[in-house]
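Colleague: So that we are looking at the same thing, I have put the structure below in structure tokens.
The values are calculated or read from the model by the stated rules, or taken from the named source; none is laboratory data. Here the structure is a predicted model, which means the values were calculated and not measured. Neighbour counts run over all protein chains shown; Cβ positions are idealised from the backbone, glycine included.
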Amino acid sequence: MATMRKIELYLYNVGNDCMRLIDKIKGVFRKKAVEKDKLFQYEEFKERYVSKSLKENRDYLQQVFTHTKDIIIRNITIRATKQNLMIVFVDGMVDRNVVNEHLIKPILIDMAPENYGRRLSFEEIRDSFISAAEIKEAETFDELVLQLLSGDTLLFLEGQNRGLIIGSKGWESRGISEPTTEANVQGPKDCFVETLQNNITSIRRRIRDPNLAIEMLKVGRRSKTDVAVVYLKGVIMDGLAQSVIEKIKKVDVDSLLDSSQLEYLIEERKWTIFPQSVNTERPDKACAAIFEGRIAILVDGSPFAVLVPSTFSMYLDASDDYYTRPLVASLVRFTRYFCYFLSASLPGLYVAITNFHPGMLPPRLALAITTTRVALPFPTFVEVFIMESVIEIMQEAGLRLPQAIGQTVSIVGGIVIGQAAVQAGLVSPIVTIIVALTAIASFTLPNYNANLTTRTLRIPFIIAGSTFGFFGIVMLALAILSHMSAIETFGVGYFEDFSPYRLRDLKDTMVKVPASLMKDRPELLKPQDTVRQVNNKSSGENQDEK
Amino acid sequence: MKNKKLILLLMAVYFLTGCWDNQEIQERGYVLGIAIDKASPLPKGQESMDEYLSERDMEEMPVQKGQPKYSYTIQVPILANARNQPSGAGSGGGSGEEVTWDLTIRGNSFMEVNREFSTRLDYPPYYEHLQAIIINEDVAKEGLSQILDMFFRDHEMRRRTRIFITPHEAKYILDVQPRISDFPSVYLGRLPMNAEKTSRILHVTDLGEVSKSIHTKTDFVLPRVTSSKDEIKDAGSAVFKGDKMVGWLGEIDTISLKWIRDSVKGGLVVVNMPEDKEGGGLVSLEVIKAKTKVTPIIEDDGIKMKIDAEATLNMSEKFQGHHDVALDKSFIEVVEKKVEVDMKRRMTSTIKYVQKEFGADIFHFNRIMRKYDPRYWAEIEGNWEELFKQVEPIVNFKAEIKQIGTMK
Amino acid sequence: MKNKFELSSIDMATFLIMSIFGVRILTLPRILAARMDLGSWVSVLMAGFITLILSFMMYWFGIKYPGKNGSEIVLITFGKYIGTLGIFAISIHILGAAGMGLRLFGDTLKLYLLPETPFYAIVIIMIGVSFYAFDNGLKSISTLINILLPVLVLLISILLLLPITKIDKTNLINPFGLGVMPIIKGTIPALDAFYGFTILTYIMPYFKEPQSVKKWIVVGVGIPIIVYAAIVFLCVLVFGDDEMAWLLYPTITLIKSIQVEVQLFERVESLLITMWIIIVFMLLVLSFYSSYLNTRALFKTKAGTLKDRFSRYVQIIVLAAFAFLPKDVIEQQIYREYIQILGRVLILGFIPAIVMITLLKERKKKGEK
């Protein structure tokens, strides 16, 4: 028996050598189709099929990845059956545990004795031996390389023209922590992270409806970023999902690094300062939007989800409104609306009224303001501009500060500069107050884009106020309103929840009515299924029966 | 498309270069008060001598037409020296420094004089915060509509600016250095707000009223002010017929006037105690609510005016001390009766006095006639001046004492 | 995805309210007081009632010819030649009234707020912003109206409630004191205030459910009636009839005379001037829109073509021409008179005429059957 075995092995090796020899001869005649510094595209991967020769596959892969050294190719030989396997993965992107324990170990070590010595077929390996959770097959290299670069492990078997893709993604990811830009007092405090799958999980945990549709797309020629479009089938407006998906498919960029890039590529108006979709870091906000009939777009690598279509009141909406008492929340919301207009127009209003119409102020106030301005060197307009610039500088600097000196700069900037400037007689204290107040007011807005909008709007208002006074401010406000009225996102206007007066929609804009009254979904989104909740009697009525 | 943007850009640039109305708030000369006196006439023979006019006196100005008749004074605050200042805006001046700057110019038409002020004042005058206009008696006797027309017409003026008449020179009122407020005009402007405390102050006396009265040919009253070095007193009224002043009305008469016109906001009624007690002291009653209704009765032999006044009073002071108990129904009734009789007497005597002395219908009987019977009014409108003097007043006064304070 | 935009029924009311509040708010009290002494506000009520009847007539023939706006109906009813003449008259009326409104606004603005600013600057800004708003389309206009309306309502309520403190009760005179004739005579000038209701025919084609618009018409006309009458009433109460005839702009004087002892904005006029700027702005936008549709009916253009663009821009020129036309205040009054007379002819003449002709045509058809 042993000799038979030896002969068998010997013949096998000879056969292998012959094959290699033939390959070499073939290689001489085959044209050198590959150059040294060739660039590879996914389109040509589509044409390339897995060859039956393991070596060819290995060579090809090495050629593709000549310039990186973190692609690991592990050759495995099953001693008993002399089968050659090749495992390819990217170091750092795979979960080593899966590769070691669940891929290599079952084949090499844990093989049951009855299979020992038997040649394994491809299907057997695929179906019965690998204890990984996710296995796919592929014949062309485009999918293989893509999955390899996404963190999966490839497995090639000698003599097979198919490759296996084993799911083994595992990389370092930020843990779920508190959202950095949208703080809230009550309610859940988890936020999205950079990994798409974790984000989808956060959403899935809150929406356990089987009708939750998650469409996956890949955007970006080189980045092939995963984009997930999440919505509730049967709730959403007819045709909305299709148009969003079509629009995303039309996007042709090199790379997609963040969801905001996608946001700006699918919006309808480029030349406007008003954001046309809400982006949020919080899964509860995203889920609330999905429940209302909107679409959430998640992009791999970005902790911000994009909610589409959006209306104006969404930017002034904080999740806190839904988690606190409704009457109180209405007051707070009202403050936010007021702050939005205030922080854009207050400096302009000040300039307009003091320079053009001091008659509008009561005499005491007018005289008081005059008294503080008597010896000042600059006209009001210049003063306001200077202070505005100072505040902008401080805000921008505050973003980039390292933690250690953050305190110092805020003290120096805020207190010293402001106070010293006033006492030196350069600016009047009233202007300082106004500018500081508008800056703070702009931070009441929960959405960062809205914040930036008001900051940008401040300057035209100051200019309008100082050229045409009150009239200029009102006209500018009307012009901006006209502009905002014309903005549309996916068929839903910017002001759609205010515009035709619909009681259902108005319940949740400037005021927040108690939850039991919000029976239906917002009409503006034309949902197919409008009922949110059946009439909810308050529990107090049941207590009498106890 | 490109052209559109270019045009817009050009327009924007053009607009930015011209902020036509922009004027710094501290660069306006706020006029807080105006005083109008008569100008002393120039020496004979020298009315038009330019030499005489130009360098001699800053207060003279060559007018475009006519002779300088009036002397206008405006009051501009000097804010750096104001005593009541917001803190942190620099230290306020001491008590010796000037707080206001009064400029006087003798001229004819106010608009011209106003522009002349710009030759002396370094900031253009600004009237939107005008608090008070003070007019001298002599000027008022010549007629108000000529001087006040600009105030009615100009858009900067407010209809709520108050007007006062003074028997002395109006300029002296502006020279008063008030102890609490900063500026005399502001002080003066706030005085009528005390009308709730006493009926001797007229409170509905602004430009709007005067404008209305002159246009509807109604006679009106304006309050009288007098002053000392650092105080202004506002009590009594000046009677105007047409737009000329015809005389003064004393403080007590002013009270009756307010009663008749249904414009009492507060005040006192003082009556004697019933005589059969020792000494016969005084009882003071505070007016809480006052309502008057005037109805004309048209009869063949003349028009009678039925004046029904109702007052709710609180007893606030009683001279008798503890001899008489106030919490006594009969006592209260007696006092009420006294009040009624006294007020009736006073109001009737005021009406008769005004009819005899001035013949000016300051009680607005004409408006009441018009409201009551417009057709009849249209007939007798022309004769009203005569008819007014023969109107017989029938006064009914009803007093009700509600509270007597915290002691019996 | 882009549905053709359709208005919902409530929009009828909002459009009407906005459209009827023209610049008349300023001068209405004076015109009426100059014509008659007492009871001017009753004339306003009567004129409003007539307006209601006329708007129902418009609604009726809007339903008869679905999908066609007023100008097209004029063309159909009167035939080519008279119809074209009618359209010209309508155009002149709309743009002329808007131009006069703009002129009046500019003059008043210069008088009270911005004395030094040249008139053309104000005109350029007003026309520029209004045109931009109009250019964005009907949906944007209706959104604008829906947003601005509550602001307007708030400001008008303040305007109406505050002067109550300054009422002089002696001015409360029985309106029928001098007989009924003055009131009837005053109804025709009061009707001038309600021209704006003609916007009805221009928006009828765009409704989702034209049938259910009836009750909103009543609301849309009723509210301005009440507000106008209240303003006139208040002016009478505060000023008295005689004084009112003297003042050039009684409403503004009313506003200025309100002096509330509130700390920050003692002079409430600033808020009310905002209201007034908004009103004139919307007047311009809606005038642009009606005039544009009018012109389109004449040239029968399709949207998006060059002719269409032309017919938009030509509105600006004509409007501006009207605004600059009068040389002074008195001429302005005269022009306004002419345009008002033209308006009266159009409204009191054309609308019933269309109704009657349509009825006759129907009877003919029935007779032929």
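Colleague: With the structure loaded, tell me whether residue A:319 is within 24 Å of residue A:184 (Cα to Cα) and free of Cβ contacts under 8 Å to residues at least 60 places away in the same chain or whether it fails that test.
Modeller: When the stated conditions are applied, residue A:319 does not pass them.
Colleague: Report yes if residue A:450 is in a helix (DSSP H, G or I) and more than 14 Å from chain C (Cβ to nearest Cβ), otherwise no.
Modeller: yes
Colleague: For the range B:66-92, give me each residue that is at pLDDT 80 or above and either crowded, with 21+ Cβ neighbours inside 10 Å or hydroxyl-bearing (Ser, Thr, Tyr) (or both).
Modeller: Across the range B:66-92, the qualifying residues are B:70, B:71, B:72, B:73, B:74, B:75, B:76, B:77.
Colleague: On the basis of being at pLDDT below 85 and either more than 19 Å from residue A:490 (Cβ to Cβ) or not acidic (Asp, Glu) (or both), does residue A:278 make the cut?
Modeller: No; evaluated as a whole, the condition is false for this residue.
Colleague: From the list C:154, C:161, C:138, exactly one residue is out of contact with any Phe, Trp or Tyr (no Cβ under 9 Å at 6 or more places or on another chain), at pLDDT 80 or above and under 27 Å from residue A:506 (Cβ atoms). Which is it?
Modeller: Only one candidate passes the filter, namely C:154.
Colleague: So which of B:195, B:170, B:140, B:132 is more than 14 Å from chain A (Cβ to nearest Cβ), in contact with a Lys or Arg (Cβ under 7 Å, 6 or more places away or on another chain) and either surrounded by 18 or more Cβ atoms within 10 Å (Cβ to Cβ) or under 30 Å from residue C:109 (Cβ atoms) (or both)?
Modeller: Going through B:195, B:170, B:140, B:132 in turn, the sole match is B:195.
Colleague: Let me ask something else about it. So in the range A:481-505, with the set limited to residues that are in contact with a Leu (Cβ under 7 Å, 6 or more places away or on another chain) and assigned to a helix (DSSP H, G or I), which one is farthest from residue A:313 (Cα to Cα)?
Modeller: So, considering only residues that are in contact with a Leu (Cβ under 7 Å, 6 or more places away or on another chain) and assigned to a helix (DSSP H, G or I), the one farthest from residue A:313 (Cα to Cα) is A:482.
Colleague: Something else about it: Between A:318, A:288, which is touching a helix residue (DSSP H, G or I) at 6+ places or on another chain (Cβ under 9 Å) and in the same structural domain as residue A:213 (by TED's automatic domain parsing)?
Modeller: Result of the check over A:318, A:288: A:288.
Colleague: Something else: Regarding residue A:174, is this residue surrounded by fewer than 20 Cβ atoms within 10 Å (Cβ to Cβ), under 19 Å from the mean Cα position of the chain (by Cα), farther than 30 Å from residue A:321 by Cα and not assigned by TED's automatic domain parsing to the domain that holds residue A:75?
Modeller: So residue A:174 does not fit the description; no.
Colleague: If you check every pair at least six apart or on different chains, which have Cβ atoms under 6 Å apart with a residue in the range B:22-35 that is more than 7 Å from chain A (Cβ to nearest Cβ) first and a residue that is part of a helix (DSSP H, G or I) and surrounded by 21 or more Cβ atoms within 10 Å (Cβ to Cβ) second?
Modeller: B:32/B:185; B:33/B:174; B:33/B:185; B:35/B:170; B:35/B:174
Colleague: Now for a separate question. Restricting attention to the range B:198-218, report how many residues are part of a loop (DSSP other than H, G, I, E, B) and either within 14 Å of another protein chain (Cβ to nearest Cβ) or free of Cβ contacts under 8 Å to residues at least 24 places away in the same chain (or both).
Modeller: Selection size over the range B:198-218: 6.
Colleague: Which members of the range B:173-192 meet the condition of being in a loop (DSSP other than H, G, I, E, B) and surrounded by fewer than 22 Cβ atoms within 10 Å (Cβ to Cβ)?
Modeller: Hits for the range B:173-192 are B:175, B:176, B:177, B:178, B:179, B:180, B:181.
Colleague: Within the group B:256, B:263, B:284, which residue is more than 19 Å from residue B:364 (Cβ to Cβ) and of a type in the set (S, T, N, Q)?
Modeller: None of the others qualify; the one that does is B:284.
Colleague: Could you figure out which of (1) away from chain B (no Cβ under 14 Å); (2) surrounded by 22 or more Cβ atoms within 10 Å (Cβ to Cβ) isn't true of residue A:367?
Modeller: (1)
Colleague: I've got another one for you. Kindly indicate which of A:227, A:219, A:193, A:185 is over 25 Å from residue A:265 (Cα atoms) and touching a residue at least 40 places away in the same chain (Cβ under 8 Å).
Modeller: Within the list A:227, A:219, A:193, A:185, the selection yields A:185.
Colleague: To continue, here is another question. Please go through the range B:143-167 and give me each residue that is within 14 Å of another protein chain (Cβ to nearest Cβ) and touching a Pro at 6+ places or on another chain (Cβ under 7 Å), ordered by number.
Modeller: B:162
Colleague: Within the range A:62-71, is even one residue among the β-branched types (Val, Ile, Thr), in contact (Cβ under 8 Å) with a residue 60 or more places away in the chain and either in a strand (DSSP E or B) or surrounded by fewer than 17 Cβ atoms within 10 Å (Cβ to Cβ) (or both)?
Modeller: Within the range A:62-71, one or more residues are among the β-branched types (Val, Ile, Thr), in contact (Cβ under 8 Å) with a residue 60 or more places away in the chain and either in a strand (DSSP E or B) or surrounded by fewer than 17 Cβ atoms within 10 Å (Cβ to Cβ) (or both).
Colleague: Identify the residue in the range C:329-368 that is charged (D, E, K, R) and over 23 Å from the mean Cα position of the chain (by Cα) and, among all such residues, is surrounded by the fewest Cβ atoms within 10 Å (Cβ to Cβ).
Modeller: Looking at the filtered set, the residue picked out is C:368.
Colleague: While we're looking at this one, here's another question. Is it the case, given these coordinates, that residue B:277 is exposed (fewer than 15 other Cβ atoms within 10 Å of the Cβ) and at pLDDT below 80?
Modeller: yes
Colleague: Within the range C:334-362, track down each residue that is among the small types (Gly, Ala, Ser) and out of contact with any His (no Cβ under 8 Å at 6 or more places or on another chain).
Modeller: Matches in the range C:334-362: C:349, C:353.
Colleague: Here is a check on your reading of the model: is residue A:312 more than 10 Å from chain B (Cβ to nearest Cβ) and not small (Gly, Ala, Ser)?
Modeller: yes
Colleague: Looking only at the range A:71-99, filter to residues that are polar (S, T, N, Q) and closer than 21 Å to residue A:50 by Cα; which one of those is modelled with the lowest pLDDT?
Modeller: Going through the qualifying residues, I end up with A:83.
Colleague: Out of all the residues in the range B:336-375, which are away from chain C (no Cβ under 11 Å) and part of a loop (DSSP other than H, G, I, E, B)?
Modeller: Residues satisfying the conditions are B:358, B:359, B:360, B:361, B:362, B:363.
Colleague: If you go through the range A:417-439 one residue at a time, do you hit one that is part of a helix (DSSP H, G or I), away from chain B (no Cβ under 14 Å) and modelled with pLDDT under 85?
Modeller: yes
Colleague: To continue, here is another question. Test residue A:313 against the criterion of being farther than 30 Å from residue A:331 by Cα, crowded, with 16+ Cβ neighbours inside 10 Å, of a type outside the set (A, V, I, L, M) and over 13 Å from the mean Cα position of the chain (by Cα), and give yes or no.
Modeller: Taking the combined requirement at face value, the residue does not satisfy it.
Colleague: Moving on. Which helices (runs of 4 or more DSSP H) does the range B:102-162 wholly contain that include 2 or more residues that are at pLDDT below 80?
Modeller: The qualifying helices (runs of 4 or more DSSP H) are B:145-153.
Colleague: Among the residues of the range C:103-162, write down those that are at the interface with chain A (Cβ under 10 Å from one of its Cβ atoms), in contact (Cβ under 8 Å) with a residue 12 or more places away in the chain, more than 28 Å from residue C:233 (Cα to Cα) and among the β-branched types (Val, Ile, Thr).
Modeller: Within the range C:103-162, C:122, C:129, C:141 meet the criteria.
Colleague: I need the full set of residues from the range A:289-305 which are of a type outside the set (Val, Ile, Thr) and either over 13 Å from the mean Cα position of the chain (by Cα) or not in a strand (DSSP E or B) (or both), in order please.
Modeller: Listed by number, the residues that qualify are A:289, A:291, A:292, A:293, A:294, A:300, A:301, A:302, A:303, A:304.
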